[in-house]
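One structure is given below, encoded as structure tokens.
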Amino acid sequence: MAFGRRRQAEEPAEGPEVTEEPAEDTEEEAPAVAERADSAAGGPWDSEDSYPDIQRLDFGSMLVPVAQGLGFQVNFEATQVDEEGNPLDGRPVAVLVQYEQSVMQLQAFAAPKRSGIWDDVRRETAKDIQEEAQGQIQEGEGPFGTELLAMIPTPLTEEVLAEMPAEAREQIPAEFVEQGWAPQIIRFLGVDGPRWFLQAVVQGAAIEDEEQWQVLEDVLNGVVVVRGDAPMPPRDLLELQIPKEFSEGGEEEGEEAVETFNPFERGPEITEVR
């Protein structure tokens, strides 16, 4: 998203400077955080919880469920560039889960031990959408608590249309082309856990298609967040790693091989689970 691309890579939303909070184990969590972690409704789970034993991809700070028809992609942020500004190296900053015409971005962040940050993140995100992107927002209650639905006007200039694949361009209603912009609907979900915050951003058909959303909801419900013991400033992105399945060249019995990818040379590839 144009209004928040930097923040999605580095932190869930812009806010005041924070100081590092030491990892403590002698005080109780805030009620909202504790209730979510102990909820009988399911996950997302903390790695210290007793969570269901299902197949997951290990992204380091997140264990993400796999299921038939899902695709996985890792977004990178450049950490080193050449003289012309081309990226040479980078770090993974987000996991994308794809199902049919829907995509869900997952990111996990450090959070204070005694309070959640989703309320603040949600307010800041709403403000950015309204003031910077000239969009509209609406809050509502969902399966993971309060969430945010946003409509952001996306420009449809001649240059943008020319860069689109022909099949995608043909699907755009004529009225959107005539007015020069199309509404982009984005759903923001947040879960406060013990010393972590998990953010999910959903786009595509799952906004209205209940079947596609149910698949993504099941994925989010099964995510396990691995916070670690190291003290971190709240809102720092928890470190992501590339699962071994993304680099193994050979096929294991009953599984499909996963290709190695370099996001700065060929673009990140989707790994599909069949």
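The values are calculated or read from the model by the stated rules, or taken from the named source; none is laboratory data. The structure displayed is predicted, hence computed values, not measured ones. Cβ coordinates were reconstructed from backbone atoms using ideal geometry, including for glycine residues, and neighbour counts include every protein chain displayed. Surface areas here come from the heavy atoms of the whole protein model, side chains and all, with no ligands, DNA or RNA. Shrake-Rupley method; radii C 1.70, N 1.55, O 1.52, S 1.80 Å.
Any residue in the stretch 144-168 that's under 30 Å from Val121 (Cβ atoms) and among the polar types (S, T, N, Q): show its pairings with residues that are modelled with pLDDT of 95 or more and surrounded by fewer than 15 Cβ atoms within 10 Å (Cβ to Cβ) at Cβ separation under 8 Å, as long as the two are six or more apart or on different chains.
Thr146/Asp119; Thr146/Glu139; Thr146/Gly140
Determine, yes or no, whether Arg274 is modelled with pLDDT under 95 and not aromatic (Phe, Trp, Tyr).
Yes; evaluated as a whole, the condition is true for this residue.
Yes/no per residue for (1) exposed (fewer than 10 other Cβ atoms within 10 Å of the Cβ); (2) in contact with a Lys or Arg (Cβ under 9 Å, 6 or more places away or on another chain); (3) in a helix (DSSP H, G or I):
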position: Asp119; (1), (2), (3): no, no, yes
position: Arg122; (1), (2), (3): no, no, yes
position: Asp128; (1), (2), (3): no, yes, yes
position: Glu159; (1), (2), (3): yes, no, yes
position: Glu175; (1), (2), (3): yes, no, yes
position: Glu178; (1), (2), (3): yes, no, yes
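Based on what the data block shows, is Pro155 exposed (fewer than 15 other Cβ atoms within 10 Å of the Cβ) and closer than 30 Å to Gly228 by Cβ?
Considered against the rule, which asks whether it is exposed (fewer than 15 other Cβ atoms within 10 Å of the Cβ) and closer than 30 Å to Gly228 by Cβ, Pro155 comes out as no.
If you take the residues of the stretch 29-59 that are open to solvent by 60 Å² or more (accessible area, probe 1.4 Å) and of a type in the set (A, V, I, L, M), which of them is modelled with the highest pLDDT?
Per the criteria, the residue is Ile54.
Report, by residue number, each residue of the stretch 192-201 that is aliphatic (A, V, I, L, M) and either free of Cβ contacts under 8 Å to residues at least 40 places away in the same chain or surrounded by 24 or more Cβ atoms within 10 Å (Cβ to Cβ) (or both).
Leu198
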